[in-house]
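The structure appears right after this line, and notes come after that.
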Amino acid sequence: MDTFLLFISAIFVNNIVLAQYLGNCPYLGCSKEKSVSIGMGAAVIFVTIMATIFTYLIQKHVLIPFHLGYLQTIVFILVIASLVQFVEMFLKKMVPPLYKSLGIFLPLITTNCAVLGVAILVQRKEFDFVTALLYAVAAGAGFMLALVILAAIREQFEVTRIPRAMRGTPIGLVMAGIMSLAFMAFKGMIA
Amino acid sequence: MITTSVLTLFGLGFVAASILAIASKALYVEEDPRVEVVLDALPGANCGGCGFAGCEAYAIAVLNDPDVPPNKCCACSPDAVARVASLTGKAAGDAEPKVAFRRCVKIEGKVARKFEYAGIMSCAAAKMILDGPDACKYSCLGFGDCVRACPFDAMWIEDGLVHIAPAKCTSCGTCVRTCPNSILELIPKRARVMVFCSSQDKGKAVKDVCEAGCISCGACIKKCPAECITMIDERIHIDHKACLAFGPSCQEVCVEKCPRNILRCLSPESSTKESVGYSEVSNETNLNA
């Protein structure tokens, strides 16, 4: 039951983008087409899981024993950046089709604060390793959900009459705000 | 304390760097060395005129996709196109070099003003207020949105009208997309005749606002032996390909028959008559002055 609640909470109630306002750049930048948003969402889920594993191990086995908790942010950024580089190389060699479709988004994940946010939140909430992993999956899925919904809406904009001044990013930002408000309806669902 | 933190950071950085260094060796993927060579041949403007994200994306596409022609880059010189073609093993093709053309002669037409505009100095902003300050809603607004958009510095504003330097124009189409009045058009550099007006109004409405504008009488359409002139939405369109193919044997009868002198010859070689519009497009020394 706790796992189920964790999932519901991370996806709907405390959505990483819509409730915690993390990862807004890729949220707006990669939400113009559904296919791209699905690719980006999948890449973020993968990197979030990997980053959570490594940062969790480093926090528990390096930072805490040496009383270096204050280095958390910089160390996590280092780990995430290296990880993304590694994933990029790995995909380029092993899964070229996936690398091609994600190519331009993979380096973007390095600067995706949603990934860093999840890694830090996991430490703050003092999850155990398995729960941390589940939380990473759920947060990534929440990111993907928000991205795909916004992409689906923005695809409709192509055939909608929108005042010229509002076209493109302005209407995208307004939609992001409205979606955030809509997701606020889930607040209070889980105490 | 400082020593521990520095050492820890250094250690972690070293481990990450080592893993990446090993991985880069183990997971090395040989890339097509031709991409770099093609990229060198391209101008590197990253203007997007070819329809790809940038020069690199086009270089990869032209090497790997048999359907992508080597002459898609509009900023390339003919030599560069030939080099790309030889590198990719594709035929250079005979793509007609194009140039941007302004379909408005506001100064000659003395277009009446509806009101004095004192807002943001941008065509797009002026267009939002009653279709701009000019009585003709298809005239050049002259605030230079296209000039600012042009990545090749090939345009400038003079007397409230945009001018184009054909030598610098690469036909990337950025200005055409920017102009809110759609008065800019890409035409072949060799184009023989062109209509110097883009109005879509009926004849009477044009006469009311401009002394020079096209009144869509259709005289040119009837007279053209090559049948390459058509009227779409009260705006004259010339099929330059057909016009060039027909050649000068028509004696530019369309130009002669135009009662408003708004259909003009562009190139002196193509005409035995006086080339009224020549200085507009082909006289580069004039335009660059």
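Specify whether the C-alpha gyration tensor of the protein assembly as shown places it in the rounded, prolate or oblate class, a ≥ b ≥ c being the square roots of the eigenvalues: rounded for a/c under 1.5, otherwise prolate if a/b is larger than b/c and oblate if not. Taking the square roots of the gyration eigenvalues as a ≥ b ≥ c, the protein assembly as shown is prolate.
Once the 1.4 Å probe is applied to the protein heavy atoms, chain B comes out at 51 Å² accessible per residue. The Cα atoms of the stretch B:1-66 cover 59, 27, 17 Å along the three principal axes, with the biggest extent listed first. Each of B:Tyr138, A:Tyr21 has its accessible area taken with a 1.4 Å probe; listed largest first, they run A:Tyr21, B:Tyr138.
Among the trypsin sites (Lys or Arg not before Pro) within the stretch B:166-267, those in coil by DSSP and having at most 14 neighbouring Cβ atoms inside 10 Å are B:Lys202. For the set B:Val209, A:Val130, solvent exposure ranked by accessible area (probe 1.4 Å, protein chains only) runs largest to smallest as A:Val130, B:Val209. The angle between the Cα long axis of helix A:169-183 and the main principal axis of chain A comes to about 60°, on a 0 to 90 degree scale. Computed about the Cα centre, the dipole magnitude for the protein assembly as shown is approximately 800 debye when only Lys and Arg (+1) and Asp and Glu (-1) carry charge, each at its Cβ. In chain A, the calculated helix contribution to ellipticity at 222 nm averages -22000 deg cm²/dmol per residue, counting -39,500 (n - 2.57) for every DSSP H run with n ≥ 4. The trypsin sites (Lys or Arg not before Pro) of the stretch B:44-139 that DSSP puts in a loop, and whose beta carbon has at most 12 other beta carbons within 10 Å, are B:Lys110. For the stretch B:109-200, the Cβ-based charge dipole about the Cα centre amounts to some 300 debye (Lys, Arg positive; Asp, Glu negative; other atoms uncharged).
Report the normalised scattering of the stretch A:123-191 as log10 I(q)/I(0) at q = 0.22, 0.23 Å⁻¹, calculated by the Debye formula with identical scatterers on the alpha carbons. Each listed q maps to, in turn, -1.01, -1.06.
With each label modelled as a point 7 angstrom along the Cα→C-beta vector, the B:Gln200-A:Lys34 pair spans 3.2 nm.
Ellipsoid semi-axes for chain A, based on the Cα gyration tensor and the rule √(5λ), read 29, 21, 14 Å when sorted largest first.
With all pairs of separate Cα atoms included, the stretch B:153-263 yields a Kirkwood hydrodynamic radius of 15.2 Å. Summed over both chains, the area buried between B and A is near 1600 Å², taken from the accessible surface of protein heavy atoms with a 1.4 Å probe. Accessible area of A:Ile178 (1.4 Å probe, protein heavy atoms only, ligands and nucleic acids ignored): about 90 Å². Name the residue from B:Cys214, A:Tyr135, A:Tyr27 whose Cα lies farthest towards the positive end of the charge dipole of the protein assembly as shown, charges +1 on Cβ of Lys and Arg and -1 on Cβ of Asp and Glu. Farthest towards the positive end: B:Cys214.
Under the rule a/c < 1.5 gives rounded, and otherwise a/b versus b/c splits prolate from oblate, where does the stretch A:1-96 land using the Cα gyration tensor? It is oblate, given that a/c is not under 1.5 and a/b is not larger than b/c.
Percent of accessible area on the protein assembly as shown owned by carbon and sulfur, 1.4 Å probe? Roughly 62 percent of what the probe reaches on the protein assembly as shown is carbon or sulfur. Ligands, DNA and RNA are left out, and with a 1.4 angstrom probe the accessible area of the stretch A:3-71 is 44 Å² per residue. With Cα atoms defining each centre, the stretch A:107-145 and the stretch B:18-74 are spaced 34 Å apart in the structure. Using DSSP to call loops (not H, G, I, E or B), can you name the chymotrypsin sites (Phe, Trp or Tyr not before Pro) in the stretch B:28-101 whose Cβ has at most 13 other Cβ atoms within 10 angstrom? The qualifying sites are B:Tyr28. Over the residues of chain B, the helix contribution to mean residue ellipticity at 222 nm works out to -9500 deg cm²/dmol, using -39500 (n - 2.57) for each DSSP H run of at least 4.
Shown for the stretch A:74-177 is the translational diffusion coefficient from the Stokes-Einstein equation, using the Kirkwood radius over Cα pairs, a temperature of 10 °C and a viscosity of 1.306 mPa s: 98 µm²/s. If you wrap the Cα atoms of chain B in a convex hull and average its projected area over all directions, you get 23.1 nm². With distances taken between every two different alpha-carbon atoms, the stretch B:1-152 has a Kirkwood hydrodynamic radius of 20.8 Å. When only the Cβ of Lys, Arg, Asp and Glu is charged (+1, +1, -1, -1), the dipole of the stretch A:42-191 relative to its Cα centre reaches about 320 debye. Rolled with a 1.4 Å probe across the full set of protein chains, the surface gives B:Leu27 an accessible area near 20 Å². When the surface is traced with a 1.4 Å probe over the full set of protein chains, B:Asp65 keeps roughly 60 Å² accessible.
The values are calculated or read from the model by the stated rules, or taken from the named source; none is laboratory data. Since this is a predicted model, take the numbers as computed values, not measurements. Don't worry about glycine lacking a Cβ; one is built from the backbone with ideal geometry, like all the others, and counts go over all protein chains shown. Only protein heavy atoms, including side chains, enter the accessible area calculation; ligands, DNA and RNA are left aside. Shrake-Rupley method; radii C 1.70, N 1.55, O 1.52, S 1.80 Å.
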